[in-house]
Amino acid sequence: MLDFLQSKDQGTLEPWPEFADADYANVLEGDPKQACRLDFGTLDGQLMSGVWECTPGKMEFVYPFSELCTLLEGKVTVTDSDGRAVTYGPGDSFYIAQGEKVLWEVHERVRKCFFLHVDKS
């Protein structure tokens, strides 16, 4: 069993590639850095789960996977392609479907647990 309690130290995360190297992301403001710990699955698999964090910045994503996540720390505003913006904080969860275009504005370092599904059909 994996647990991602807000009160639990989730340990050290490994730096992940720059957003500039990802074909699904475009940095609009700042110099956000991401780090991750993959607890289940592989980067080339269909299912993944773990902990991810990002420093402040504004990024546009076209999601290459579907994601359900819960914020453990920090604050982020996510705006969907219809212009609906929601600000999330610790304990809040949200879902983004594969192929959806969203804008992430990370106000303060965020850390989230996530579950990803890649539809490879």
* Structure fact -> Mean separation of Cα contacts under 8 Å (at least 6 apart) over the residue count of the chain, i.e. the relative contact order in percent, is 28
* Structure fact -> Highest mean packing first, using Cβ neighbours within 10 angstrom, the peptides 28-40, 61-73 sort as 61-73, 28-40
* Based only on the alpha carbon positions, what is the Kirkwood hydrodynamic radius of the chain, in angstrom? -> 14.6
* For the stretch 9-40 and the stretch 73-121, what is the separation of their Cα centres, given in Å? -> 14
* Roughly how many debye, to the nearest 20, is the charge dipole of the stretch 44-107 about its Cα centre, given +1 on each Lys and Arg Cβ, -1 on each Asp and Glu Cβ, and no other charges? -> 120
* **the stretch 1-104, dipole about Cα centre (Lys/Arg Cβ +1, Asp/Glu Cβ -1), debye to the nearest 20** => 240
* Förster radius 22 Å - calculated FRET efficiency between SER93 and PHE40 (Cβ-Cβ, nearest 0.05) -> 0.80
* **Where the chain is the region considered: accessible area per residue in Å², 1.4 Å probe** => 56
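The values are calculated or read from the model by the stated rules, or taken from the named source; none is laboratory data. These numbers were taken from a predicted model, which means no experiment stands behind them. Here Cβ is always computed from backbone atoms with ideal geometry, including for glycine, and neighbour counts include all displayed protein chains. Keep in mind that these areas ignore ligands, DNA and RNA; they rest on the heavy atoms of the full protein, side chains included. Shrake-Rupley method; radii C 1.70, N 1.55, O 1.52, S 1.80 Å.
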